[in-house]
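Novice: Sharing a structure, written as structure tokens. Questions coming.
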Amino acid sequence: MRVAISGHQELGEAERLEWVRGAVGAALEELRATSGVTCLAAGTDQLFGLLCLERGLPYTVIIPCRAYVGTFTAAPDLVEYHRLLEAAGERVAMDYDEPGPLAYAAANRAMVDRCDALIAVWDGKPARDPGETADVVAYAQLRGRRVIHVDLNTKETKTLGTGTTTSNVERPRRR
């Protein structure tokens with residue numbers, strides 16, 4: 001199954017980051033992921049890319065615009081972006097010059113169109129701008145994709161649309 005990711009760039013303190021890492025890893029296993037799709041933004045996207053790399057899963061990077069590297073404000077995030085981009089099996093560049101809501105929304109649609117399921121790491125709040133996680137989730141549901149919500153507020157993981165909680169563990173075990 002080809003799995004995509006969308007989520008927050010700021011994940012908070014180390015304990016929460018480890019919880020997200022475990023929850024996304026568990027979702028990849030539950031979905032029996034065979035490959036991934038990501039934009040490699042800082043935070044959730046790069047964590048997903050790293051998990052794919054660690055598991056030997058090939059992944060595709062959707063690059064929202066030609067000036068995308070300019071969006072990385074922290075040097076470690078830019079270094080990780082280049083490292084993960086180099087390891088990607090496929091790169092798809094969107095036809096936008098500059099970053100912005102339209103470029104991000106187009107990249108997210110392209111990502112969802114290439115996946116069978118989406119992991120959404122987010123607080124469940126509506127999007128403030130086009131292309132944010134809530135919009136990605138709505139588009140994935142519209143396209144009939146399975147969506148696993150890793151809820152940053154409740155620390156629950158559930159499949160959206162069915163109301164079924166797939167994991168209610170505070171901290172998933174690491175392998």
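The values are calculated or read from the model by the stated rules, or taken from the named source; none is laboratory data. Because the structure is a prediction, the values reported are computed rather than measured. Note: ideal-geometry Cβ built from the backbone for every residue, glycine included; neighbour counts use all protein chains shown.
Novice: Being touching a Phe, Trp or Tyr at 6+ places or on another chain (Cβ under 7 Å) and either without any contact (Cβ under 8 Å) to a residue 24 or more places away in the chain or over 22 Å from Arg143 (Cα atoms) (or both) is true for just one of Tyr68, Tyr81. Which residue is that? Even if it seems obvious, please write down each step before you answer.
Specialist: Numbers: Tyr68 fails: touching a Phe, Trp or Tyr at 6+ places or on another chain (Cβ under 7 Å).
When all the criteria are applied, what remains is Tyr81.
Novice: Follow-up. In this structure, is Asp97 farther than 18 Å from Cys52 by Cβ, of a type in the set (D, E, K, R) and modelled with pLDDT of 95 or more?
Specialist: Working: farther than 18 Å from Cys52 by Cβ: yes; of a type in the set (D, E, K, R): yes; modelled with pLDDT of 95 or more: yes.
Answer is yes for this residue.
Novice: Could you please tell me which pairs satisfy a Cβ distance under 8 Å, a separation of 6+ or placement on different chains, a first residue in the range 7-26 that is more than 17 Å from Ala74 (Cα to Cα), and a second residue that is of a type in the set (Gly, Ala, Ser) and part of a loop (DSSP other than H, G, I, E, B)?
Specialist: Gly7/Gly43
Novice: From the list Tyr139, Tyr96, which one is of a type in the set (Ser, Thr, Tyr), part of a loop (DSSP other than H, G, I, E, B) and touching a helix residue (DSSP H, G or I) at 6+ places or on another chain (Cβ under 7 Å)?
Specialist: Working: Tyr139 fails: part of a loop (DSSP other than H, G, I, E, B).
When all the criteria are applied, what remains is Tyr96.
Novice: May I pose another question? Out of (1) in contact (Cβ under 8 Å) with a residue 24 or more places away in the chain; (2) surrounded by fewer than 23 Cβ atoms within 10 Å (Cβ to Cβ); (3) more than 20 Å from Tyr139 (Cα to Cα); (4) not basic (Lys, Arg), what's the single condition that is false for Thr60?
Specialist: With (1) in contact (Cβ under 8 Å) with a residue 24 or more places away in the chain; (2) surrounded by fewer than 23 Cβ atoms within 10 Å (Cβ to Cβ); (3) more than 20 Å from Tyr139 (Cα to Cα); (4) not basic (Lys, Arg) applied to Thr60, the lone miss is (3).
Novice: Just the residues that are among the polar types (S, T, N, Q) and in a strand (DSSP E or B), please, taken from the range 19-44.
Specialist: Here is the first cut: in the range 19-44, the residues among the polar types (S, T, N, Q) are 34-35, 38, 44.
Of everything in the range 19-44, those that are among the polar types (S, T, N, Q) and in a strand (DSSP E or B) turn out to be Ser35, Thr38.
Novice: Here is a further query. Out of the residues in the range 122-175 meeting the condition of being in contact with a strand residue (DSSP E or B) (Cβ under 6 Å, 6 or more places away or on another chain) and at pLDDT below 75, tell me which one is surrounded by the most Cβ atoms within 10 Å (Cβ to Cβ).
Specialist: Residue satisfying both the conditions and the ranking: Ser167.
Novice: Now a separate question. Search the range 3-41 for residues being at pLDDT below 95 and touching an Asp or Glu at 6+ places or on another chain (Cβ under 9 Å), and hand back the single one that is nearest to Thr133 (Cα to Cα).
Specialist: The qualifying residue nearest to Thr133 (Cα to Cα) is Gly7.
Novice: Hey, among the residues in the range 142-163 that are in a loop (DSSP other than H, G, I, E, B), out of contact with any His (no Cβ under 9 Å at 6 or more places or on another chain) and not small (Gly, Ala, Ser), which one's nearest to Ala33 (Cα to Cα)?
Specialist: Arg145
Novice: How many of the residues in the range 71-93 are assigned to a loop (DSSP other than H, G, I, E, B) and surrounded by 15 or more Cβ atoms within 10 Å (Cβ to Cβ)? Lay out the reasoning, then the answer.
Specialist: Going residue by residue through the range 71-93, those that are assigned to a loop (DSSP other than H, G, I, E, B) are 72-74, 88-89.
With surrounded by 15 or more Cβ atoms within 10 Å (Cβ to Cβ) added as a condition, the list becomes 72, 88.
So the answer is 2.
Novice: Can you give me the number of residues within the range 55-89 that are within 16 Å of the chain's Cα centre (by Cα) and of a type in the set (Asp, Glu)?
Specialist: 2
Novice: Same structure again: Go through the range 7-37 and give me each residue that's of a type in the set (Val, Ile, Thr), crowded, with 19+ Cβ neighbours inside 10 Å and closer than 19 Å to Tyr59 by Cα.
Specialist: Within the range 7-37, the subset of a type in the set (Val, Ile, Thr) is 20, 24, 34, 37.
Of the ones still in play, those that are also crowded, with 19+ Cβ neighbours inside 10 Å are 20, 24, 37.
Result: Val24, Val37.
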